[in-house]
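K.L.:
My structure is below; once you've seen it, I'll send some questions.
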Amino acid sequence: MKIFFKPLALSCALIAAVAGNIWMFPPVSVSAQSSVQSEKQDKAEQFIEQTLRVVRIDEIYSEIRYAARELYQPYYRSLALKLGEDGAAPEHVQTMEAIDRFLGFAVKASDELEPVLERRRDEIISDYAAVFAKHMSDAQLDLVGDTLDTPAARKVGNIVYAYSRILTGYTKADFRSLDELIALALEMDVNFDDNPLEPGDGPAPSPESVEKASAIVADLLRVSRLDDMVTDIVDFGNNTVLKLDSLDDAERTDIRNGLQQIQFYYNLAKSMTVAVIPSALANSASLADLDKLHRIVLAPVVSKSFDLIYDLVRETTSFSTLDLNTMKQLGDRAEALDKQGLGGDKKEADREFKALGEKWAGIMVKNLTPETRLGLERSVAELSDLAEEGERHIQERTGGEETQL
């Protein structure tokens with residue numbers, strides 16, 4: 001399996017490397033001819049632009065800004081108010097208020113930086129392209145171009161976009177529907193503190209309660225699309241990965257055993273869920289609370305959330321045998337170039353990329369108003385403190401020997 005996935009990972013990394021996020025090639029000597037260097041930089045700029053299009057970075061950024069402004073910030077603000085009105089624990093209200101403040105400053109920062117990014121986009125790309133051109137050979141740049149032209153590169157881009165949609169794939173109507181779900185959840189009184197399978201001194205749950213709980217579990221399994229996800233993963237392994245000629249017998253056996261284990265443990269967990277959870281639910285909640293829980297499970301926004309996760313699984317398993325063989329061939333080319341040892345100092349390239357990151361981060365910070373910059377710093381620190389406090393409480397409740405402050 002290692003032999004297959006190493007070149008596969010290298011091929012995927014080629015795409016990200018163009019954008020300036022990952023460095024994977026040994027540096028090469030800078031050409032003495034400025035015209036040659038200029039051609040290399042032009043090529044590197046084209047590849048950076050192509051990479052940004054492949055991963056749909058502009059679309060993702062726009063959708064994240066919209067979701068933060070129009071969906072998440074109003075939601076957390078209203079949730080903090082509702083929790084406060086319903087007498088929720090102060091720390092829960094404080095967390096929602098902290099998230100609201102952070103999103104507010106993040107949205108404001110994006111508004112202030114938007115014209116800067118628009119105005120200086122070409123300059124940023126040029127800076128990074130210059131470093132790539134300086135430290136990559138023509139053969140390495142050509143390999144990046146060949147990688148970006150493959151259908152597999154587009155599929156990698158689709159995976160990145162599908163991942164972002166897990167956060168941004170909602171509408172205002174979806175978020176408005178959350179108010180009803182939150183109200184239902186706050187009204188429920190489901191107690192799992194005791195053994196949910198032990199009725200104690202009271203009567204056993206009624207057949208009606210068990211039947212209702214069974215319906216809830218069945219509908220949850222249906223809307224979660226777990227069957228579809230597991231089927232797609234197993235089919236991808238059997239019908240695509242196992243058909244690769246590059247696998248040796250040991251790798252093929254390991255993959256086949258892994259797929260069988262996925263099916264076995266999923267079927268085992270599913271059968272236990274269907275057999276046990278309904279009784280536990282029926283013993284821990286009233287019939288009225290079970291009705292509310294069922295309404296939550298069947299809410300369209302819940303189904304949409306699982307659909308967005310399934311979209312990511314579907315894109316991740318969309319590669320064909322041809323795609324994987326092509327990516328392996330590109331990975332083999334990358335390894336061959338790597339073994340040539342074209343000279344130069346990798347640490348120098350790393351320093352130049354780090355310096356560029358610090359340069360542009362500093363420029364962006366200087367274009368924020370003092371109020372926004374200070375607000376972001378404080379809200380990030382506040383969220384960090386709340387996260388550490390939450391972890392400390394969890395460790396205390398679970399009897400952890402150490403607490404992190």
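The values are calculated or read from the model by the stated rules, or taken from the named source; none is laboratory data. It should be emphasised that the depicted structure is a prediction, and the values quoted were computed from it without experimental measurement. Every residue, glycine as well, gets a Cβ built from its backbone with ideal geometry; the counts of neighbours run over all protein chains shown. Keep in mind that these areas ignore ligands, DNA and RNA; they rest on the heavy atoms of the full protein, side chains included. Shrake-Rupley method; radii C 1.70, N 1.55, O 1.52, S 1.80 Å.
K.L.:
How many of the residues making up the range 279-334 are under 30 Å from residue 168 (Cβ atoms) and of a type in the set (D, E, K, R)?
P.N.:
So the count comes out to 8.
K.L.:
Is there any pair with a first residue in the range 252-278 that is closer than 30 Å to residue 209 by Cβ and hydrophobic (A, V, I, L, M, F, W, C) and a second that is part of a helix (DSSP H, G or I) and open to solvent by less than 70 Å² (accessible area, probe 1.4 Å) whose Cβ atoms are under 9 Å apart and which are 6 or more apart or on different chains, and what are they?
P.N.:
These pairs meet every condition: 274/214; 274/217; 274/218; 274/221; 277/213; 277/214; 277/216; 277/217.
K.L.:
A follow-up question, please. Applying the selection to the range 365-389, what residues are open to solvent by less than 30 Å² (accessible area, probe 1.4 Å) and among the hydrophobic types (A, V, I, L, M, F, W, C)?
P.N.:
368
K.L.:
Could you please let me know if residue 85 is free of Cβ contacts under 8 Å to residues at least 24 places away in the same chain and out of contact with any helix residue (DSSP H, G or I) (no Cβ under 8 Å at 6 or more places or on another chain)?
P.N.:
yes
K.L.:
OK, next. What's the number of the condition residue 360 fails, among (1) of a type outside the set (Gly, Ala, Ser); (2) in contact with a Leu (Cβ under 8 Å, 6 or more places away or on another chain); (3) at pLDDT 95 or above?
P.N.:
Result: residue 360 fails condition (2) only.
K.L.:
Follow-up question, since we're still on this one. What residue, of 254, 228, 248, is open to solvent by 20 Å² or more (accessible area, probe 1.4 Å) and within 16 Å of residue 316 (Cα to Cα)?
P.N.:
228
One line per residue, one yes/no per condition, for (1) at pLDDT below 95; (2) of a type outside the set (A, V, I, L, M, F, W, C); (3) open to solvent by 50 Å² or more (accessible area, probe 1.4 Å):
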| site | (1), (2), (3) |
| --- | --- |
| 2 | yes, yes, yes |
| 25 | yes, no, no |
| 62 | no, yes, yes |
| 71 | no, no, no |
